[in-house]
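Working notes, structure below.
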Amino acid sequence: MMANGSLVRILIHTGVTKYLNFKAVDGSYVYKKKKIYKVPATDVEALKSPLMGLFEKRRARKFFIYVQDYDENDPKSHEKLDLNKVTAKELISKYGLEDDTIDFIGHALALHNEDSYLAQPALNFVKRMKLYAESLARFQGGSPYIYPLYGLGELPQAFARLSAVYGGTYMLNKPECKVEFDGDGKVIGVTSEGETAKCNKVVCDPSYLSDKVKKVGKVARAVCVMSHPIPDTNDSHSAQVILPQKQLGRKSD
């Protein structure tokens with residue numbers, strides 16, 4: 001999770017964080033030309049980073065300053081650019097950044113998993129970069145990411161505990177749950193073992209509504225048991241490694 005992202009804000013707003021312990025991911029890395037490089041976390045790291053040459057760092061610094069100072073509600077910070085109309089590619093080209101730098105910024109900072117964002121309005125691109133920077137600054141660690149100490153399964157468990165405080169009711173291990181709909185296609189309840197719990201909203205795994213799920217993409221997953229730390233990650237106990245599409249010859253990260 002991004003340390004300053006919407007999910008973290010929801011957790012704080014609901015007070016569920018009292019049932020959770022978080023840990024910051026040790027570092028954020030990006031794969032480039034068969035090597036792994038640390039995504040700069042501070043100005044000092046940016047100056048020392050081998051991801052960019054000396055002159056490219058100067059150009060990138062100007063771009064980063066623009067992103068940092070950009071305020072959607074302050075026209076003075078826009079430098080006469082309407083990011084609802086200017087594409088991300090047009091914004092980046094204004095600063096003359098190289099393709100490798102664009103690849104690194106778009107995928108390791110803005111966290112896009114393919115390149116269609118370049119043809120889209122730049123506002124979302126800039127907002128994603130600002131979120132990265134804000135998340136990085138929030139805990140002042142080596143990356144902008146945090147995770148529940150005992151895994152993501154802690155999130156629903158924490159909400160369950162909070163709900164119980166307010167009298168929430170649970171029915172566990174119910175077999176063959178079926179979501180019920182009315183004639184207009186609106187959800188009206190969930191049926192199991194001949195009993196129906198009435199409701200007007202259902203939060204569920206897609207497998208419960210397989211005939212209504214629209215496939216929009218795939219996620220490639222792998223579990224690797226290694227006898228050594230990931231190379232070039234400073235023996236980090238936890239790390240996020242971005243594999244940009246162009247580095248792998250794929251259509252997405």
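The values are calculated or read from the model by the stated rules, or taken from the named source; none is laboratory data. Since we're looking at a predicted model, the values are computed, not measured. Because the Cβ atoms are built from the backbone with ideal geometry, glycine has one as well, and the counts that use them run over all protein chains shown.
A few points about this structure:
- Within region 198-247, the set of residues being of a type in the set (Lys, Arg) and touching a strand residue (DSSP E or B) at 6+ places or on another chain (Cβ under 7 Å) comprises Lys198, Lys201.
- Cβ-Cβ distances below 7 Å connect the following pairs, each with a first residue in region 1-17 that is closer than 17 Å to Leu111 by Cα, a second residue that is small (Gly, Ala, Ser), and a separation of six or more residues or different chains: Met2/Ser135; Ala3/Ser135; Asn4/Ser135; Gly5/Ser135.
- Here Val241, Val219 are screened, and the one residue that is under 30 Å from Pro40 (Cα atoms) and not in a loop (DSSP other than H, G, I, E, B) is Val241.
- Contact annotation: residue pairs with Cβ atoms under 6 Å, 6 or more positions apart or on different chains, pairing a residue in region 30-57 that is of a type in the set (S, T, N, Q) with a partner that is at pLDDT below 85, are Ser49/Pro40.
- Subset tally (residues that are over 18 Å from Asn173 (Cβ atoms), in contact with a Cys (Cβ under 9 Å, 6 or more places away or on another chain) and small (Gly, Ala, Ser)) for region 186-225: 1
- Region 115-154, subset assigned to a helix (DSSP H, G or I) and of a type in the set (Gly, Ala, Ser), residue nearest to Thr17 (Cα to Cα): Ser135
Per-residue answers, yes or no, for (1) within 16 Å of the chain's Cα centre (by Cα); (2) within 30 Å of Tyr166 (Cβ to Cβ); (3) not in a helix (DSSP H, G or I):
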| position | (1), (2), (3) |
| --- | --- |
| Tyr29 | yes, no, yes |
| Phe55 | no, no, no |
| Arg59 | no, no, no |
| Asp82 | no, no, yes |
| Ile92 | no, no, no |
| Asn113 | yes, no, yes |
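- Top-ranked residue in region 208-229 [being surrounded by 10 or more Cβ atoms within 10 Å (Cβ to Cβ) and not β-branched (Val, Ile, Thr); ranked as nearest to Glu114 (Cα to Cα)]: Lys212
- Of all the criteria given as (1) modelled with pLDDT under 90; (2) surrounded by 10 or more Cβ atoms within 10 Å (Cβ to Cβ), the one not satisfied by Val241 is (1).
- Restricting attention to region 94-108, the residues that are under 23 Å from the mean Cα position of the chain (by Cα) and part of a loop (DSSP other than H, G, I, E, B) add up to 0.
- Once region 183-207 is narrowed to residues that are surrounded by 10 or more Cβ atoms within 10 Å (Cβ to Cβ) and among the polar types (S, T, N, Q), the residue that is farthest from Lys251 (Cα to Cα) is Thr196.
- Criterion: of a type in the set (Asp, Glu) and either under 24 Å from His112 (Cβ atoms) or modelled with pLDDT of 95 or more (or both) - qualifying residue of Asp232, Asp205: Asp232
- Selection count, region 208-229, where residues are of a type in the set (S, T, N, Q) and either closer than 30 Å to Lys251 by Cβ or modelled with pLDDT of 95 or more (or both): 1
A quick yes/no check of all residues on (1) at pLDDT 95 or above; (2) out of contact with any Phe, Trp or Tyr (no Cβ under 9 Å at 6 or more places or on another chain):
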{"residue": "Glu114", "(1), (2)": "no, yes"}
{"residue": "Pro121", "(1), (2)": "yes, yes"}
{"residue": "Asn124", "(1), (2)": "yes, no"}
{"residue": "Arg128", "(1), (2)": "yes, no"}
{"residue": "Tyr132", "(1), (2)": "no, yes"}
{"residue": "Ser135", "(1), (2)": "no, no"}
{"residue": "Phe139", "(1), (2)": "no, no"}
{"residue": "Gly142", "(1), (2)": "no, yes"}
{"residue": "Leu152", "(1), (2)": "no, yes"}
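- Each residue in region 161-176 was checked for being of a type in the set (Phe, Trp, Tyr) and either touching a residue at least 24 places away in the same chain (Cβ under 8 Å) or more than 20 Å from Asp205 (Cβ to Cβ) (or both), and 1 of them qualify.
- Listed conditions (1) farther than 20 Å from Gly5 by Cβ; (2) hydrophobic (A, V, I, L, M, F, W, C); (3) touching a Gly at 6+ places or on another chain (Cβ under 9 Å) are all met by Val223, apart from (3).
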